[in-house]
Amino acid sequence: MAELFAPEHSAPDISPIAATVAPAQTQAPLPAGSVGVVSPQYIAFNEPLRLTSGQVLPEYVLAVETYGTLNAERSNAVLICHALNASHHVAGISSDNPKDIGWWDNMVGPGKAVDTDRFFVIGVNNIGSCFGSTGPASINPATGEPWGAAFPMLTVEDWVQAQARLADYFGIRKLAAVMGGSLGGMQALSWAITCPDRVAHCIVIASTPRLSAQNIGFNEVARRSIISDPDFCGGDYYAHGKVPRHGLAVARMVGHITYLSDDDMAVKFGRTQRSPNGNGDFHYGYDVEFEVESYLRYQGEKFSTYFDANTYLLITRALDYFDPARGHGGDLARALEPVSADVLLVSFSTDWRFPPARSREIVRALLKNKRPVTYAEIDAPHGHDAFLLDDRRYHAVIQGYYDRIAAKLALPERSQTTGVLA
Amino acid sequence: MTAAIAAPRHVRADLVRIASWIDPRSRVLDLGCGDGTLLAYLQNNKDVVGAGVELNDDHVIAAVRRGVQVIQQNLEEGLALFDDQQFDTVVLSQTLQSMHHTEHILREMARVAHYGIVSFPNFGYWPHGWSILSGRMPVTGEMPYQWYDTPNIHLCTLKDFEDLAASLNLRITHLATFNGDREIKVLPGWRSTLAVYRFESPNK
């Protein structure tokens, strides 16, 4: 993961549309349902992007992976939108690092719920992120220095606008589906609102039409942790050769708690002590005493080695800003009036970050607008993280929905079932 | 595995009758829609715009596969997701007898749609009386449960339901009664195992 900020400087690959899946040449056989060894392409856009904030991003690069084959009608494309800390590497095995498996590999692949035997799946790293697309660590063409604190603020709508240009690049007029979980679900919903004629199906998982005060509160704690780290240097730490690693690690620890349910943490850690004294006694100090502390510290420290602090700030702020009903007096149904896509929503019962009630608000608004909507509320114990985990019911709903999309588009029938449902 | 599940070949007589009371191209809400059989039938034969509510995971998955717009929810929590008079017809098929809040769900049905259709097992079916006279709770085709494991907590007869409907100002427009797949026209209060009512909402 060392060259995270480097790839942007490589020449963008604008070769004809083809799967970026390299033929498997590794000695180990591929796991069933894997898209195989994958490598990203970097696509440069020179047309300035006018952002919601009024600022302009003069040019940018998007890191992209694709799986499957775009059909002649270009009707079978699925866009996968990522959440806070993920990337374009949605599925498969990274060509750089065989241990780097895509973040939604259980969902996307040949025979999986999002079946790459039939669909052309696009994973895109959003601008502002730190996995190859233009972000705060990239070079500002105006100064020749890293953008740092000068990188413009972003919104979900800005990302969608950039993704729409990516669809243009592939010659895709209408996406068969846009799909995402959490912040990715916000992007899917935003697609349906802002580009209604370009998205046939919208799949919004474990998401919300707006952050609550509690959600914003957690984000603000994370941001203060980063900003108050002395190594943050006002956001220009790249120039000082520093990284606000402690602040970023604490931010991640806070975030991580919100992804898990209380029950899940009780089962995983309970009050188990990390390495108690011989008689089982406490150490009576501030070093790690409980397993949960050890786990959170490990997660935070690991995260701080590969994620960019400015990206964390930008993305949490974009989360805070998302509120499509804001321009309609808080009336979500009116905000969703342009939506013409068929919408599937999924929520998880123990997700207290974006609880089922938030998804139901979207369902209610779509019903009010007489739009087609399907809603599954999965009774799963794993909190917000459940959208990334193996749950047969959840995957069966997604698979069933995609099989319907395939039938509507007259795509071939599913030829195999792999992954969670195998 | 097939990508799409076609409309079922055989549809129960009571569902066919329910379908006959629903206008083509109207908006239908099916409460406790199961695997989406009725809605898929209505979509294919009457071109209705349908939505279903269902709690069971496997049924929700089956309904999604059928291309039915299904919303996973416990009906006991009410119909807060739906606006007043949002549908032309709301259907509650063989579920009323297992609901805790019988009056509430009927009021909610009248709130969200112009017409309601309700079916339930007829407790007045004469063998039930015979069973009780011989000292046992009835166990029959429409009610195949023992007294201790039955989900049916609010059983009623035709007259009982008609009294409740009247008290809620639900004007009954149609009644059909069945015994298995056979429609019962003579002495339905005694001879039918299943009653299907259509009523008009006072809010229409």
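The values are calculated or read from the model by the stated rules, or taken from the named source; none is laboratory data. These numbers were taken from a predicted model, which means no experiment stands behind them. Using ideal geometry, Cβ is built from the backbone for each residue, glycine included, and neighbour counts are taken over all protein chains shown.
When each of A:F354, A:F322 is tested for being away from chain B (no Cβ under 13 Å), in contact with a His (Cβ under 9 Å, 6 or more places away or on another chain) and within 26 Å of A:F218 (Cα to Cα), the lone residue that passes is A:F354. Just to be sure, is A:V346 touching a Leu at 6+ places or on another chain (Cβ under 6 Å) and either within 22 Å of A:T116 (Cα to Cα) or at the interface with another protein chain (Cβ under 10 Å from one of its Cβ atoms) (or both)? Here the answer is no, as A:V346 does not meet what is asked. For segment A:365-376, the candidate set comprises residues that are more than 9 Å from chain B (Cβ to nearest Cβ) and hydrophobic (A, V, I, L, M, F, W, C); within that set, the residue that is nearest to A:A333 (Cα to Cα) is A:A365. If the condition is being farther than 25 Å from A:C130 by Cβ and in a loop (DSSP other than H, G, I, E, B), then segment A:37-78 contributes A:G68, A:T69, A:L70, A:N71, A:A72, A:E73, A:R74, A:S75, A:N76.
Among (1) in contact (Cβ under 8 Å) with a residue 12 or more places away in the chain; (2) away from chain B (no Cβ under 14 Å), there is one condition A:Y286 misses while meeting the rest; what is its number? Failing condition for A:Y286: (1). Among the residues of segment A:238-250, is there at least one that is in contact with a strand residue (DSSP E or B) (Cβ under 9 Å, 6 or more places away or on another chain) and either buried (at least 18 other Cβ atoms within 10 Å of the Cβ) or within 30 Å of A:V108 (Cβ to Cβ) (or both)? Yes - at least one qualifying residue is present in segment A:238-250.
Residue by residue, here is whether (1) in contact (Cβ under 8 Å) with a residue 12 or more places away in the chain; (2) on the phi > 0 side of the Ramachandran plot; (3) not in a helix (DSSP H, G or I) holds:
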position	(1), (2), (3)
A:A333	yes, no, no
A:L345	yes, no, yes
A:F354	yes, no, yes
A:R358	yes, no, no
A:A365	yes, no, no
A:K370	no, yes, yes
A:Y375	yes, no, yes
A:A396	yes, no, no
A:Y401	yes, no, no
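On the stretch given as segment B:84-128, residues that are surrounded by fewer than 18 Cβ atoms within 10 Å (Cβ to Cβ) and free of Cβ contacts under 8 Å to residues at least 24 places away in the same chain total 1. The condition (being crowded, with 16+ Cβ neighbours inside 10 Å, within 14 Å of chain A (Cβ to nearest Cβ), at pLDDT below 95 and closer than 22 Å to A:D403 by Cα) is satisfied by just one residue among B:I71, B:I5, B:I61: B:I5.
Looking across segment A:377-388, the residues that are farther than 27 Å from B:G67 by Cβ and either within 14 Å of chain B (Cβ to nearest Cβ) or assigned to a loop (DSSP other than H, G, I, E, B) (or both) come down to A:P381, A:H382. For segment B:45-54, the count of residues that are more than 12 Å from chain A (Cβ to nearest Cβ), part of a loop (DSSP other than H, G, I, E, B) and not hydrophobic (A, V, I, L, M, F, W, C) is at least one. Being among the β-branched types (V, I, T), crowded, with 17+ Cβ neighbours inside 10 Å and more than 10 Å from chain B (Cβ to nearest Cβ) holds for only one residue in A:I362, A:I398, and it is A:I362. Hey, does segment B:126-149 have a residue that's in contact with a helix residue (DSSP H, G or I) (Cβ under 7 Å, 6 or more places away or on another chain) and not in a loop (DSSP other than H, G, I, E, B)? Scanning segment B:126-149, I find at least one residue that is in contact with a helix residue (DSSP H, G or I) (Cβ under 7 Å, 6 or more places away or on another chain) and not in a loop (DSSP other than H, G, I, E, B), so the answer is yes.
Residues are listed down the side, and each one gets a yes or a no for (1) free of Cβ contacts under 8 Å to residues at least 60 places away in the same chain; (2) surrounded by fewer than 13 Cβ atoms within 10 Å (Cβ to Cβ):
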{"site": "B:G135", "(1), (2)": "yes, yes"}
{"site": "B:G141", "(1), (2)": "yes, yes"}
{"site": "B:C156", "(1), (2)": "yes, no"}
{"site": "B:T193", "(1), (2)": "no, no"}
{"site": "B:Y197", "(1), (2)": "no, no"}
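On the given criteria, is A:A335 hydrophobic (A, V, I, L, M, F, W, C), more than 9 Å from chain B (Cβ to nearest Cβ) and under 26 Å from B:R25 (Cα atoms)? It is false that A:A335 is hydrophobic (A, V, I, L, M, F, W, C), more than 9 Å from chain B (Cβ to nearest Cβ) and under 26 Å from B:R25 (Cα atoms). Is at least one residue of segment B:49-62 in contact (Cβ under 8 Å) with a residue 60 or more places away in the chain and under 30 Å from B:S167 (Cβ atoms)? No: zero hits.
Of all residues in segment A:31-77, exactly one satisfies the criterion of being at positive phi and either out of contact with any strand residue (DSSP E or B) (no Cβ under 9 Å at 6 or more places or on another chain) or exposed (fewer than 15 other Cβ atoms within 10 Å of the Cβ) (or both), namely A:G54. Of all residues being assigned to a loop (DSSP other than H, G, I, E, B) and within 7 Å of chain B (Cβ to nearest Cβ) in segment A:403-422, which is farthest from the chain's Cα centre (by Cα)? Just the residue, please. The residue in question is A:E413. In the set A:R198, A:R223, only one residue is touching a residue at least 40 places away in the same chain (Cβ under 8 Å), over 23 Å from A:F387 (Cα atoms) and either surrounded by 24 or more Cβ atoms within 10 Å (Cβ to Cβ) or touching a helix residue (DSSP H, G or I) at 6+ places or on another chain (Cβ under 9 Å) (or both); that residue is A:R223. Scanning segment A:243-287 for residues that are within 30 Å of A:A137 (Cα to Cα) and charged (D, E, K, R) turns up A:R245, A:R252. Does B:G32 satisfy the condition of being surrounded by 18 or more Cβ atoms within 10 Å (Cβ to Cβ), touching a residue at least 60 places away in the same chain (Cβ under 8 Å) and facing another protein chain (nearest Cβ under 8 Å)? In short, no.
Determine, yes or no, whether B:A40 is in contact with a Gly (Cβ under 8 Å, 6 or more places away or on another chain) and farther than 22 Å from B:F82 by Cα.
Working: in contact with a Gly (Cβ under 8 Å, 6 or more places away or on another chain): yes; farther than 22 Å from B:F82 by Cα: no.
Against the criterion (in contact with a Gly (Cβ under 8 Å, 6 or more places away or on another chain) and farther than 22 Å from B:F82 by Cα), B:A40 does not qualify.
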